[in-house]
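I have placed the structure first, in the form of structure tokens, so that the comments after it can refer back to it.
The values are calculated or read from the model by the stated rules, or taken from the named source; none is laboratory data. Note that the coordinates shown come from a computational prediction; the quantities given were computed from them, not determined experimentally. Here the Cβ positions follow ideal geometry from the backbone for every residue, glycine too, while neighbour counts run over all protein chains shown. Just the protein is used for accessible areas: all its heavy atoms, side chains included, with ligands, DNA and RNA removed. Shrake-Rupley method; radii C 1.70, N 1.55, O 1.52, S 1.80 Å.
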Amino acid sequence: MTSARPTKRTKSPRLPTQTLPAKIFHWTNLISLFVMLFSGLQIYNANPVFGGRSGWNFPDYLTLGGWLAGGRNWHFAAMWFYALNLLWYGLYVMVSRRWQIRYASGSDIKALRVSQNAKRKNYALHRLVYTAIIPILVLSIASGLGMYKPASLHWLASLFVDWQTLRTVHFIAVPIFILFTFVHSLLALRVGSIRLIKSMFV
Amino acid sequence: MSKSISRRQLLQWSGLSSASLLLNSCGSNLWSKEVGQAIEPLNQATQALLLTQKPVPEYSIDQIEPDKLLINTFAQTPQIDPAKYRLQIEGEVNHPMQLSLGDLQTLPLTSMVIQHVCVEGWAAIVQWGGVRLQELLRLAQPKPNARYVYFKSADGYYESWDLVSATHPQTLMAYQKNGQSLSADNGAPLRLASPIKLGYKQSKWVTQIMLTNQLMPKTGYWEDRGYEWFGGL
């Protein structure tokens, strides 16, 4: 908190910086998620989650892989990058104690409720949003693994009650991730303008 | 300026044509084959690591979903005379065999209620009854160098499995579905059924089981068209 408090107002504020692990995580996550999303829609079209064979299909330009086998190849390649990226970053966040300073806490909830400072509120909301995506990221891995290996990982698949629920939970990740990408970007813009976004990707 | 194409123009055109090449491939497979070839060894190793001879938990009879098992065939549905039907077991075995349906029915009947998962994304809880492939192989006695099992079907469909999956206690040569004898659509008189492999691995109308010590260039009807070979669940 001390570093975030403005002291003397200077003409050129300090540019936001990000650690290299955070940058690598964001790049890998963004790319692998989009590969999984488009190849996932290809897989979806082979037997729509909603409506089965007579269900509505996504248009070809939203799919990756050309047909089901191609979509599966992309999906089951990108899953390694996506899952291992989340794993090492999770470990890094723990070991570096980043989780204590970078994620939403009680003080953010309090700020959202009582603070009069608009900047503080934006900041708290942003932290809350990107913290809330973590369980969704983990849930899509769990539901994906449950569908990929329902026999070997029967215990995992059975946590989702039945096959249709498993498929639905896995699919719901798509609209959530798209929405999250927008909201996360917009809030980052509000909190730190384009400089904050540049600091994460450049 | 002359009419000849300038260097800059040529470069622009070549840039455009390679861009269109890229765009064209977006609509089709876009390296999906190469991606599959690159990652499949890792995926297969992971699946082999997860594979055990431990039975997969089964469902109860009242959980069977009779309407959910869809019918997929690549060609026509063969009509086989049960009286004339023979199952051949050959290749890398000490005792090649030919079994009639009557022979198969004298062997111990195993029944299981499992989830059948199709590569397309749907699944159905089904009861299968039949003879463990393990039991048939015990009779045929695989030679020590046998590693793979090929299945040939009456409709021309072909498949190959790793021997470990083929000898899993829930890998059956089934002649019953949901308590009744198998229908022609579902693979009568004899088909593969197992909870540990995707549906396209579970050949219907099996007439020949052949053990080999290596995979042949053709590994399976759908595999030869792009699906992964192991197809483990």
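Of note:
- Looking across the range B:76-91, the residues that are surrounded by 15 or more Cβ atoms within 10 Å (Cβ to Cβ) and of a type outside the set (A, V, I, L, M, F, W, C) come down to B:77, B:78, B:85, B:88, B:90, B:91.
- Single residue of the range B:39-70 satisfying the filter (farther than 22 Å from residue B:115 by Cα and either touching a strand residue (DSSP E or B) at 6+ places or on another chain (Cβ under 8 Å) or more than 10 Å from chain A (Cβ to nearest Cβ) (or both)) that is most open to solvent (accessible area, probe 1.4 Å): B:41
- Of the strands (runs of 3 or more DSSP E) lying entirely inside the range B:64-181, those carrying at least 1 residues that are free of Cβ contacts under 8 Å to residues at least 24 places away in the same chain are B:97-99.
- One residue from A:172, A:109 being out of contact with any His (no Cβ under 8 Å at 6 or more places or on another chain) and surrounded by 14 or more Cβ atoms within 10 Å (Cβ to Cβ): A:172
- Among (1) surrounded by fewer than 18 Cβ atoms within 10 Å (Cβ to Cβ); (2) over 30 Å from residue A:55 (Cβ atoms), the one test that residue B:73 misses: (2)
- Residues satisfying the stated conditions in the range A:43-85, i.e. open to solvent by less than 30 Å² (accessible area, probe 1.4 Å) and aromatic (Phe, Trp, Tyr): A:44, A:76, A:82
Residue-wise test of (1) closer than 17 Å to residue B:179 by Cα; (2) within 14 Å of chain A (Cβ to nearest Cβ); (3) at pLDDT 95 or above; (4) touching a helix residue (DSSP H, G or I) at 6+ places or on another chain (Cβ under 8 Å).
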residue	(1), (2), (3), (4)
B:73	no, no, no, no
B:88	no, no, yes, no
B:131	yes, no, yes, yes
B:139	no, no, yes, no
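- Members of the range A:31-41 found to be surrounded by 15 or more Cβ atoms within 10 Å (Cβ to Cβ) and either facing chain B (nearest Cβ under 9 Å) or touching a residue at least 40 places away in the same chain (Cβ under 8 Å) (or both), listed by number: A:32, A:33, A:35, A:36, A:37, A:39, A:40, A:41
- Filtered residues of the range A:49-80 (kept if touching a Gly at 6+ places or on another chain (Cβ under 8 Å) and more than 8 Å from every other protein chain (Cβ to nearest Cβ)): A:63, A:75, A:79
- Filtered residue count, the range B:198-221, keeping only those that are part of a loop (DSSP other than H, G, I, E, B) and either open to solvent by less than 40 Å² (accessible area, probe 1.4 Å) or without any contact (Cβ under 8 Å) to a residue 12 or more places away in the chain (or both): 9
- Search result, residues across the range B:92-102 that are surrounded by fewer than 15 Cβ atoms within 10 Å (Cβ to Cβ) and under 17 Å from residue B:189 (Cα atoms): B:98, B:102
- In this structure, residue A:200 does not satisfy being under 30 Å from residue B:58 (Cβ atoms) and outside the structural domain of residue A:82 (by TED's automatic domain parsing).
- Positions within the range B:136-154 being closer than 29 Å to residue B:76 by Cα and open to solvent by 20 Å² or more (accessible area, probe 1.4 Å), in sequence order: B:148, B:152, B:154
- Scope the range B:113-135; condition of a type outside the set (Asp, Glu), surrounded by fewer than 22 Cβ atoms within 10 Å (Cβ to Cβ) and closer than 18 Å to residue B:102 by Cα; matching residues: B:129, B:132
- Residue B:196 more than 14 Å from the chain's Cα centre (by Cα) and over 21 Å from residue B:99 (Cα atoms): no
- Any hit, the range A:144-167, residues being surrounded by fewer than 17 Cβ atoms within 10 Å (Cβ to Cβ), under 18 Å from the mean Cα position of the chain (by Cα) and not assigned by TED's automatic domain parsing to the domain that holds residue A:41: no
- Residue among B:169, B:108 that is open to solvent by 20 Å² or more (accessible area, probe 1.4 Å) and within 30 Å of residue A:165 (Cα to Cα): B:169
- Matching residues in the range A:140-177 - criterion: being among the β-branched types (Val, Ile, Thr) and touching a residue at least 12 places away in the same chain (Cβ under 8 Å): A:141, A:168, A:169, A:174, A:176
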